[in-house]
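Engineer: I'd like to ask some things about the structure below.
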């Protein structure tokens with residue numbers, strides 16, 4: 001259960017205030033971000049990313065954009081689809097620095113283009129990418145509809161938008177276990193590994209207040225996506241949503 005004190009700590013008056021907090025938070029935890037992801041998910045997060053890319057149905061020699069890429073794990077997973085171009089964008093410069101180091105260490109820096117960009121205002125052309133993906137970002141944006149609209153704007157007609165996100169499970173007994181783990185255990189691991197317990201208190205709070213998978217499906221449809229669907233994984237704690245940009249839509 002999320003305490004009232006935690007709820008108060010993460011009350012943001014404006015989308016801009018939330019964006020500033022989120023940017024500072026990710027800058028602060030970037031160095032241990034990958035390690036925390038592996039520990040929190042018991043190593044399952046990489047398989048979810050690969051499944052997300054499969055849902056994106058990237059055509060061979062196509063173009064892929066990963067928004068809020070973090071350390072570029074989802075962008076790296078996209079390489080399995082043999083795209084012609086992968087662009088990975090984030091507004092955290094520390095995350096991009098870590099992503100750049102990772103790509104160079106794996107000799108992938110020539111295959112993925114990193115760019116500093118805010119998902120609410122992408123400096124990218126309309127109708128350009130065959131697939132636009134994002135992982136674990138939707139809870140952190142100040143204007144969800146605008147973020148989804150930007151994803152759709154830069155997708156070519158007939159292309160796919162795919163989102164990977166944490167969600168609250170519905171099984172009553174497991175829901176309590178999940179809430180206890182996220183609100184009690186994760187912040188302690190975060191404090192130990194990253195020296196930032198607040199960031200990993202924000203994480204369970206952001207999950208607790210985020211919309212349901214059904215509501216997210218409706219929001220994707222609202223901004224203009226068609227054939228929207230979703231699947232839940234890991235006992236209902238993970239959701240992958242996808243939608244298609246209608247052909248004939250040019251802006």
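Engineer: Among the residues of region 75-102, count how many are closer than 15 Å to residue 35 by Cα and in contact with a helix residue (DSSP H, G or I) (Cβ under 6 Å, 6 or more places away or on another chain).
Structural biologist: Adding up the residues that qualify gives 2.
Engineer: What number of residues in region 194-232 are in a loop (DSSP other than H, G, I, E, B) and within 20 Å of residue 144 (Cβ to Cβ)?
Structural biologist: Qualifying residue count, region 194-232: 6.
Engineer: Give 224, 248, 243, 229 a once-over and let me know the one that is over 28 Å from residue 11 (Cα atoms), touching a strand residue (DSSP E or B) at 6+ places or on another chain (Cβ under 9 Å) and modelled with pLDDT under 95.
Structural biologist: Result of the check over 224, 248, 243, 229: 248.
Engineer: Taking into account only those residues within region 103-114 that are surrounded by fewer than 18 Cβ atoms within 10 Å (Cβ to Cβ) and touching a helix residue (DSSP H, G or I) at 6+ places or on another chain (Cβ under 8 Å), which is nearest to residue 154 (Cα to Cα)?
Structural biologist: This residue is 111.
Engineer: Would you check if residue 148 is touching a strand residue (DSSP E or B) at 6+ places or on another chain (Cβ under 7 Å), more than 19 Å from residue 235 (Cβ to Cβ), in contact (Cβ under 8 Å) with a residue 60 or more places away in the chain and in a helix (DSSP H, G or I)?
Structural biologist: No.
Engineer: Give the residues of region 12-28 that are more than 17 Å from the chain's Cα centre (by Cα) and farther than 22 Å from residue 98 by Cβ, sorted by residue number.
Structural biologist: Result: 12, 13, 14, 15, 16, 17.
Engineer: Output yes when any residue across region 113-129 is within 27 Å of residue 212 (Cα to Cα), out of contact with any strand residue (DSSP E or B) (no Cβ under 8 Å at 6 or more places or on another chain) and free of Cβ contacts under 8 Å to residues at least 60 places away in the same chain, and no when none is.
Structural biologist: yes
Engineer: Output the number of residues of region 121-145 satisfying the condition of being in a loop (DSSP other than H, G, I, E, B) and either under 12 Å from the mean Cα position of the chain (by Cα) or under 23 Å from residue 247 (Cα atoms) (or both).
Structural biologist: Number of matching residues: 10.
Engineer: Quick check on residue 186: is it closer than 19 Å to residue 68 by Cβ and in contact with a helix residue (DSSP H, G or I) (Cβ under 7 Å, 6 or more places away or on another chain)?
Structural biologist: Here the answer is no, as residue 186 does not meet what is asked.
Engineer: Right, residue 211: surrounded by fewer than 17 Cβ atoms within 10 Å (Cβ to Cβ) and under 16 Å from the mean Cα position of the chain (by Cα) or not?
Structural biologist: Taking the combined requirement at face value, the residue satisfies it.
Engineer: Specify which of the listed residues (182, 235, 174) is buried (at least 19 other Cβ atoms within 10 Å of the Cβ) and not in a loop (DSSP other than H, G, I, E, B).
Structural biologist: 182
Engineer: If you don't mind, there's one more thing I want to ask. Name every residue in region 49-86 that is in a helix (DSSP H, G or I) and crowded, with 19+ Cβ neighbours inside 10 Å, in order of residue number.
Structural biologist: Passing the criteria: 49, 52, 53, 55, 56, 73, 74, 75, 76, 77, 78, 81.
The values are calculated or read from the model by the stated rules, or taken from the named source; none is laboratory data. None of these values were measured; they are calculated from a predicted model. With ideal geometry, Cβ positions are generated from the backbone for all residues, glycine too; neighbour counts draw on all protein chains shown.
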